[in-house]
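Report on the following structure.
The values are calculated or read from the model by the stated rules, or taken from the named source; none is laboratory data. All figures in this text were calculated on a predicted structure; none of them were measured in a lab. Every residue, glycine among them, receives a Cβ derived from its backbone with ideal geometry; neighbour counts consider all protein chains shown. Each accessible area value is taken on the protein alone, full model and side chains, heavy atoms only, with ligands, DNA and RNA left out. Shrake-Rupley method; radii C 1.70, N 1.55, O 1.52, S 1.80 Å.
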Amino acid sequence: MTTSVLSASAPLQSPLGLLRANPRFALFTAVMFPAAMGYGALTQTRTAVAASTFGGAAGIGGVAIVLAVAGAAAALTSGALSDRRGPRPVFVATTIGAAAVNLSTAALLAGGHLSLAVFVVAVASAAVFTAMNMTAVVPLSMGIAGMQARAAVQIVNMLRMAIGIMAGLWLAGTVARPVPTLLIAAVVVPTCSLIAAAIATRAPVPSRPPNSAGGSNPRVTTGVLATLRAERPLMAAFWLLLVLDLVVPSQLVAIVLTDNDLFHRVHQLLLAGLVGVLISRLTLLVTGLRLRVRLAMLGAFSTYTAVAVIGAFLLVRGSLLSNHALVVAFVFVASMTSAFTLEVASALVQQRCPDEVRGRITGALQAGRTLMTSAGVALAATVQVAADEAPLVAGLAALAVLVLVITRGFATIDERPAAAHASAVK
């Protein structure tokens, strides 16, 4: 049975302290950085292909739905496999599979054979391998560090992804040549990932739950719900992440710009958003979770809500999209504040998650977040096409206010510093 060990006597390790004290994790992070750049380049390239070839905003929404369904199912499978077999073989196998898909997509695009049906299959296949890969890399990286460094590992991983994806988006947007971008990313990502897997070879495999005899075990299927019920702080962060992923659509900028024939500005605004995300993660790199998490999240998300309300008002007046500098500022602030809220909740999940169900918890969370994110994107694309951007942003502002009301200002998140809630399983 899972129980929480709540002890402030074993403080959380800071992210900077982790990088200084653990050379193997520092090397793992450095090697995986170019892979993050490759993910950013792949994201930008797929979005550009969907928007320019397969129906503009509707194409972006359709791709999001395909990614959601395929990615969610794969993440659930990967989490259970990582807990049973260890995350490393899952990570290696899915790395190779994703590379094959990306190379094939580049070849088809270069030969002019990338029809809508083929593109959908390619996107779905890439989503399966990427979701399984992302689910496996979490316990793989966590195994390199100690229990008190779980949140620090997650914060460093998020920072690595933010900087890498930002660089990849910028490079892909600057080059603006889908075929070479796909080819380079399809080589860089698996090369770096396989080296990182070798670095993490000696990372411990999560132990099996009590009473496991290696055969059929009821906790293999019930572990996620049982753990969430036993770990209330973990459950609060888990469900909050899912809600926030729905109400903060990740492709909002691309959808609005595409529908207004302004897609040529999309990579500039996406970079502004990623800079905001980067600042939020740099802040967490310094502070870790040694802060009043509820107050920090409340302040950040309240600012995001205010930006959404003001943005909706300016869109109704027709004075926002015509002012590029103002749009950049709004995207920057909204991305920074919403990302900070999401990242604190994500770090809380990993710090409070028992190791032997980390794969399943991560897989379930990845599946849920993928579905919620894609549902938010699809809903935003539908509203944009049917009613334009002013009602869309007004609706997002209303949803943000609703989140604050329902959670009573994030009262479900424990006010005490997260260092008092390091989870273990006995």
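Within this structure, residue 123 passes the test of being open to solvent by less than 10 Å² (accessible area, probe 1.4 Å), at pLDDT below 85 and assigned to a helix (DSSP H, G or I). Taken together, 289, 314 contain a single residue that is hydrophobic (A, V, I, L, M, F, W, C) and over 27 Å from the mean Cα position of the chain (by Cα), which is 314. Cβ-Cβ distances below 7 Å connect the following pairs, each with a first residue in segment 312-325 that is closer than 17 Å to residue 396 by Cα and of a type in the set (Val, Ile, Thr), a second residue that is open to solvent by less than 100 Å² (accessible area, probe 1.4 Å) and assigned to a helix (DSSP H, G or I), and a separation of six or more residues or different chains: 316/390.
The residues of segment 344-396 that are assigned to a loop (DSSP other than H, G, I, E, B) and open to solvent by less than 10 Å² (accessible area, probe 1.4 Å), listed by number, are 353, 354. Do we find a residue being within 16 Å of the chain's Cα centre (by Cα) and either crowded, with 24+ Cβ neighbours inside 10 Å or at pLDDT 80 or above (or both) anywhere in segment 12-25? Checking segment 12-25: not a single residue is within 16 Å of the chain's Cα centre (by Cα) and either crowded, with 24+ Cβ neighbours inside 10 Å or at pLDDT 80 or above (or both). Taken together, the criteria place residue 309 among residues that are open to solvent by 50 Å² or more (accessible area, probe 1.4 Å) and modelled with pLDDT of 85 or more.
Scanning segment 313-329 for residues that are out of contact with any Asp or Glu (no Cβ under 9 Å at 6 or more places or on another chain), modelled with pLDDT under 85 and buried (at least 17 other Cβ atoms within 10 Å of the Cβ) gives 327, 328.
Condition check ((1) part of a helix (DSSP H, G or I); (2) buried (at least 21 other Cβ atoms within 10 Å of the Cβ); (3) at pLDDT 90 or above) across all residues:
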{"position": "31", "(1), (2), (3)": "yes, no, yes"}
{"position": "46", "(1), (2), (3)": "yes, yes, no"}
{"position": "58", "(1), (2), (3)": "yes, no, no"}
{"position": "70", "(1), (2), (3)": "yes, yes, no"}
{"position": "75", "(1), (2), (3)": "yes, yes, no"}
{"position": "89", "(1), (2), (3)": "yes, no, yes"}
{"position": "106", "(1), (2), (3)": "yes, yes, no"}
{"position": "118", "(1), (2), (3)": "yes, no, no"}
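Criterion applied to 341, 283 was being closer than 21 Å to residue 148 by Cα, modelled with pLDDT of 85 or more and either open to solvent by 10 Å² or more (accessible area, probe 1.4 Å) or of a type in the set (Val, Ile, Thr) (or both), and the one residue passing it is 283. For segment 239-276, the candidate set comprises residues that are at pLDDT below 70 and in a loop (DSSP other than H, G, I, E, B); within that set, the residue that is most open to solvent (accessible area, probe 1.4 Å) is 261.
For residues that are in contact with a Gly (Cβ under 9 Å, 6 or more places away or on another chain) and over 27 Å from residue 47 (Cα atoms), tally how many sit in segment 266-294. Qualifying residue count for the region: 2.
When 181, 135 are screened for being within 20 Å of the chain's Cα centre (by Cα) and either in contact (Cβ under 8 Å) with a residue 12 or more places away in the chain or buried (at least 22 other Cβ atoms within 10 Å of the Cβ) (or both), only 135 passes. Filtered by the rule that a residue be hydroxyl-bearing (Ser, Thr, Tyr), touching a Leu at 6+ places or on another chain (Cβ under 9 Å) and at pLDDT below 85, segment 131-177 gives no residues. Set side by side, the residues 50, 35 differ, and just one is under 21 Å from the mean Cα position of the chain (by Cα) and modelled with pLDDT of 75 or more, which is 35.
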